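Undergrad: This structure is in C-alpha cells; I'll ask about it shortly.
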Amino acid sequence: MADVVRDLGFARELGGVVVVDKPSGMTSHDVVGRLRRYFGTRKVGHAGTLDPMATGVLVLGVGRATKLLGHVSLTTKTYEATIRLGASTTTDDAEGELVEARDASAITADEYLPHIATLTGEISQVPSSVSAVKVAGRRAYDRVRAGEDVSLPPREVTVSQFDVVGERREDEVVDLDVVVQCSSGTYIRALARDLGALLGVGGHLTRLRRTRVGPFAVEDAATLEALEAEPRLSLTLDEAIARAFPVRVVTQAEVSALQHGQWLEPVGIPDTHGAVDDDGRAWALLKENGKRSSPVFVARPANLSGSSSR
C-alpha cells in the first residue's frame, strides 16, 4: 500500500514529506518551485530554510502534509561545515566580501579547542547581520543590501556538539572541518565568526551541509535530478506521522469522530501525537488538554476523497 500511496495519484491530495538534498546555489523557495512543477501541485511548502550556499537536508510537505509541517518538531539540527581561520567577511561566509585577513598559520589545536568549548552548550549568540531574522518587519539581509547598518540582539541557543574532525593548512589560513549539532535558530556562520574573533584572526564559513533536521536525515533525501526523473515522496503522510510523533491506536468509532473534527478521551500522552488505526493509517494529530484530546490536524477529513475509514 505504501508504494501505491508514495506515487503521485492519490498522493497529490493526501500528500506526504519529501526530503531533498538541496544543492548549493539555490534558495529554499527555488526548491519549492521545482517540486510544484515535478508533482503538479501548488500545495508544496518547506519546513525551515537553508542558505543558498548550504547543501543537504531540506524538508518539504506535499498536499495535506503542508499542514503537518508546522506541528513537526525540527528543533535539533546537525551540520557538517568548514570554518576558515585567518579571514573575516561581510556575510560571515564565503559569499561575502573580504573584510580583513590575518595570519592564522601559528594557530594550533591547543589554542582553538578551548575557544570551541566556550561556544558549546547553552550560549548567547548574535545572528549574522545578513540572516533571515526580521527587523521591524523586514529581513535583516534585505536591510543590509539596502545599505542600512543592522545590529541584531543576541539570542540564547544550544550547541550540543561542536567537534573538529579535520584540519588543513595552506599559506596563512587554517581550515577546520567540524560537526555541529544545535538547536533551531543557531547560525553556524556566527560560530565561525565568533571562533575567529576569539582567536584574533577572523573566521568565516566556507562549506555548510545539513545532515539531519529533527527526525529526517540525509539518508532519507533525494536529489532534485532524481525527483525530476521520478517524483516520489520520501515518506507518506502515514509514515511521516509515525516517524515524527508518538502515536495512539484508535478504534473505528474514534476514527469517525476525528474525521468530523470531534475530540476524544485523553490517554495521558503529554505531547502532540498521532492517531493511527490498526492498519497504520494516520487520521489526525492530537493534543490533550484537560478532559479532551482535540485534533490539531486532521489528516483524512470526511470530505477528502478516498478517506473512508474502511
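The values are calculated or read from the model by the stated rules, or taken from the named source; none is laboratory data. What you see is a predicted model, and the numbers here were worked out from it, not measured in a lab. Quick reminder, even Gly has a Cβ in these numbers, built from the backbone with ideal geometry, and neighbours come from all protein chains shown.
Undergrad: Just need a number here: residues in segment 76-99 that are modelled with pLDDT under 95 and charged (D, E, K, R).
TA: 4
Undergrad: Ok, one more. Identify all residues within segment 152-178 that are surrounded by 15 or more Cβ atoms within 10 Å (Cβ to Cβ), in a strand (DSSP E or B) and touching a residue at least 60 places away in the same chain (Cβ under 8 Å); write none if there are none.
TA: If the condition is that a residue be surrounded by 15 or more Cβ atoms within 10 Å (Cβ to Cβ), in a strand (DSSP E or B) and touching a residue at least 60 places away in the same chain (Cβ under 8 Å), then Val173, Val174, Asp175, Leu176, Asp177, Val178 are the ones that fit.
Undergrad: Now for a separate question. Run Thr251 past the list (1) more than 22 Å from His29 (Cα to Cα); (2) at pLDDT 95 or above; (3) among the polar types (S, T, N, Q); (4) in contact with a strand residue (DSSP E or B) (Cβ under 9 Å, 6 or more places away or on another chain) and report the number of the one that doesn't hold.
TA: Going through the list (1) more than 22 Å from His29 (Cα to Cα); (2) at pLDDT 95 or above; (3) among the polar types (S, T, N, Q); (4) in contact with a strand residue (DSSP E or B) (Cβ under 9 Å, 6 or more places away or on another chain), Thr251 breaks only (4).
Undergrad: Pairs only if they're at least six apart or on different chains, beta carbon under 8 angstrom, first in segment 184-199 and in the same structural domain as Thr82 (by TED's automatic domain parsing), second of a type in the set (Lys, Arg) and surrounded by fewer than 19 Cβ atoms within 10 Å (Cβ to Cβ); list them, first residue then second.
TA: Close Cβ pairs (under 8 Å, with a partner that is of a type in the set (Lys, Arg) and surrounded by fewer than 19 Cβ atoms within 10 Å (Cβ to Cβ)) amount to Gly185/Arg155.
Undergrad: Could you tell me whether Thr272 is β-branched (Val, Ile, Thr) and surrounded by fewer than 18 Cβ atoms within 10 Å (Cβ to Cβ)? Explain how you work it out, then say what you get.
TA: On the way: β-branched (Val, Ile, Thr): yes; surrounded by fewer than 18 Cβ atoms within 10 Å (Cβ to Cβ): yes.
The answer is yes for Thr272.
Undergrad: What single numbered condition from (1) modelled with pLDDT under 90; (2) in contact with a Phe, Trp or Tyr (Cβ under 7 Å, 6 or more places away or on another chain) fails to hold for Val57?
TA: Every condition holds for Val57 apart from (1).
Undergrad: Checking Thr186 against (1) more than 20 Å from Gly25 (Cβ to Cβ); (2) modelled with pLDDT of 95 or more; (3) not in a strand (DSSP E or B): exactly one of these is not met. Which one?
TA: With respect to (1) more than 20 Å from Gly25 (Cβ to Cβ); (2) modelled with pLDDT of 95 or more; (3) not in a strand (DSSP E or B), Thr186 is out only on (2).
Undergrad: Here is a list: Pro127, Pro153. Which entry is in the same structural domain as Arg189 (by TED's automatic domain parsing), within 18 Å of Gly196 (Cβ to Cβ), of a type outside the set (A, V, I, L, M) and modelled with pLDDT under 90? Working first, answer last.
TA: Values: Pro153 fails: within 18 Å of Gly196 (Cβ to Cβ).
Result of the check over Pro127, Pro153: Pro127.
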